[in-house]
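A.B. asks: Please read through the structure below; I'll follow up with questions.
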Amino acid sequence: MHVFVAGGSGFVEYAVCKLLQERGHTWTAGPNKVSWSELMENGLPECDAVINLCGGNPFDPMKKWNEEFKDEIIKSIVEPNSNIAKLISDMNQPPKVFVSASAVAYYPPSRSAQYTEDDPAGTGYFSCLNADSEKAAMQAKSDKTRVAVVRIGSALGKDGGVIKEMKLKFQLGFGGVIGSGEQFFPWIHVDDIAGIFIHVIENDHVEGVLNAAAPGVTTNHDFTKAFAAALWRPSIFPLPEFIVKAMFGSERAVVLLEGQNVQPKRTLDSGYTFKYTSITDALKDIVS
């Protein structure tokens, strides 16, 4: 298959493209390699599948949480799906499948609820953001094109995401839990993110919503303990709630401090087998 990949930078995109190549597929990189204006003017290249991995990082601690940044994030996540859906609908020979990244922040933060793909979105900013993004992606669905959205948890890998942000702190022995540490931590190894996307494009029966979070229940305390152990370091310096709120603002902090228990029911039912289901094994692989 030939795959058009929108969002050609970052460690998730690298993992997806690497696995596409290993599986014998070819791929063309879209934005950021090709401008959206050029793409909208000339249309999508002929392809069998489209993968959208575009989107800014709403949890960048260097960004002040204000209306300007919120609008920037909405534009970076929702607009690409709207553009791609329109481009697909305008094609005489559209791709057979369109797969877009979403996030487990679709579900409201909770220390008690358990979520599967059938549960509704919350009403907060992040829930609405991801619901709007998914709605935009679904506009591409037709009798010629199936659509899937992949709700991704905290992505773990050597070259980006949570690990890149926290590794130095833990290596220096200053790691610790966030808040109480009791909140759920829906995580996924980057190899499984790539695996789920390729699973979708290679299997004609797979469509709709898929949760990309490792099965089982992991808390922030579990992650912290496993990460410190993998690095042979202590984890005795917690990050208090008031500092998290000061750094990120209350709207972002609640996601970090409350978390979500997200289970990949439809993902497993579709036939996908996770490579990493143990946080200990995943982190040992990443830091090795």
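The values are calculated or read from the model by the stated rules, or taken from the named source; none is laboratory data. Treat the numbers as computed from the prediction; the structure is a model and nothing was measured. Positions of Cβ are generated from backbone atoms using ideal geometry, with glycine treated the same way; all protein chains shown enter the neighbour counts. For accessibility, only protein heavy atoms count, side chains too; no ligands or nucleic acids. Shrake-Rupley method; radii C 1.70, N 1.55, O 1.52, S 1.80 Å.
A.B. asks: I'd like the full set of residues that are open to solvent by 40 Å² or more (accessible area, probe 1.4 Å) and within 22 Å of ARG111 (Cβ to Cβ), limited to the range 217-231.
C.D. replies: VAL217, HIS221, ASP222, LYS225
A.B. asks: Hey, can you tell me all the residues within the range 258-270 that are of a type outside the set (D, E, K, R) and either on the phi > 0 side of the Ramachandran plot or surrounded by fewer than 17 Cβ atoms within 10 Å (Cβ to Cβ) (or both)?
C.D. replies: Within the range 258-270, GLY259, LEU268 qualify.
A.B. asks: Right, here's the next one. Going residue by residue through the range 96-110, is there one that turns out to be over 21 Å from the mean Cα position of the chain (by Cα), under 23 Å from ASP132 (Cα atoms) and free of Cβ contacts under 8 Å to residues at least 12 places away in the same chain?
C.D. replies: No, there is no match, as no residue in the range 96-110 is over 21 Å from the mean Cα position of the chain (by Cα), under 23 Å from ASP132 (Cα atoms) and free of Cβ contacts under 8 Å to residues at least 12 places away in the same chain.
A.B. asks: Could you check the range 161-203 and list, in sequence order, the residues that are under 12 Å from the mean Cα position of the chain (by Cα), open to solvent by less than 10 Å² (accessible area, probe 1.4 Å) and of a type in the set (Val, Ile, Thr)?
C.D. replies: The answer is ILE188, ILE193, ILE196.
A.B. asks: Return the only residue of ASN81, ASN92 being crowded, with 23+ Cβ neighbours inside 10 Å and among the polar types (S, T, N, Q).
C.D. replies: So the residue among ASN81, ASN92 that is crowded, with 23+ Cβ neighbours inside 10 Å and among the polar types (S, T, N, Q) is ASN81.
A.B. asks: Here's something else I'd like to know. Take GLU207 and tell me if it is acidic (Asp, Glu), open to solvent by 10 Å² or more (accessible area, probe 1.4 Å), in contact with a helix residue (DSSP H, G or I) (Cβ under 8 Å, 6 or more places away or on another chain) and farther than 30 Å from MET1 by Cα.
C.D. replies: no
A.B. asks: Given (1) touching a residue at least 40 places away in the same chain (Cβ under 8 Å); (2) within 20 Å of HIS189 (Cα to Cα), identify the lone condition not met by ASP269.
C.D. replies: Status for ASP269: all satisfied but (1).
A.B. asks: Turning to a different aspect of this structure: Can you tell me how many residues within the range 232-257 are buried (at least 18 other Cβ atoms within 10 Å of the Cβ) and either over 17 Å from the mean Cα position of the chain (by Cα) or small (Gly, Ala, Ser) (or both)?
C.D. replies: Within the range 232-257, residues that are buried (at least 18 other Cβ atoms within 10 Å of the Cβ) and either over 17 Å from the mean Cα position of the chain (by Cα) or small (Gly, Ala, Ser) (or both) number 7.
A.B. asks: Output the residue which, of all residues in the range 271-288 that are touching a helix residue (DSSP H, G or I) at 6+ places or on another chain (Cβ under 7 Å) and surrounded by 18 or more Cβ atoms within 10 Å (Cβ to Cβ), is farthest from THR219 (Cα to Cα).
C.D. replies: So, considering only residues that are touching a helix residue (DSSP H, G or I) at 6+ places or on another chain (Cβ under 7 Å) and surrounded by 18 or more Cβ atoms within 10 Å (Cβ to Cβ), the one farthest from THR219 (Cα to Cα) is TYR272.
A.B. asks: Of the residues LEU168, LEU129, which is out of contact with any Ser or Thr (no Cβ under 9 Å at 6 or more places or on another chain), modelled with pLDDT of 95 or more and among the aliphatic types (A, V, I, L, M)?
C.D. replies: So the residue among LEU168, LEU129 that is out of contact with any Ser or Thr (no Cβ under 9 Å at 6 or more places or on another chain), modelled with pLDDT of 95 or more and among the aliphatic types (A, V, I, L, M) is LEU129.
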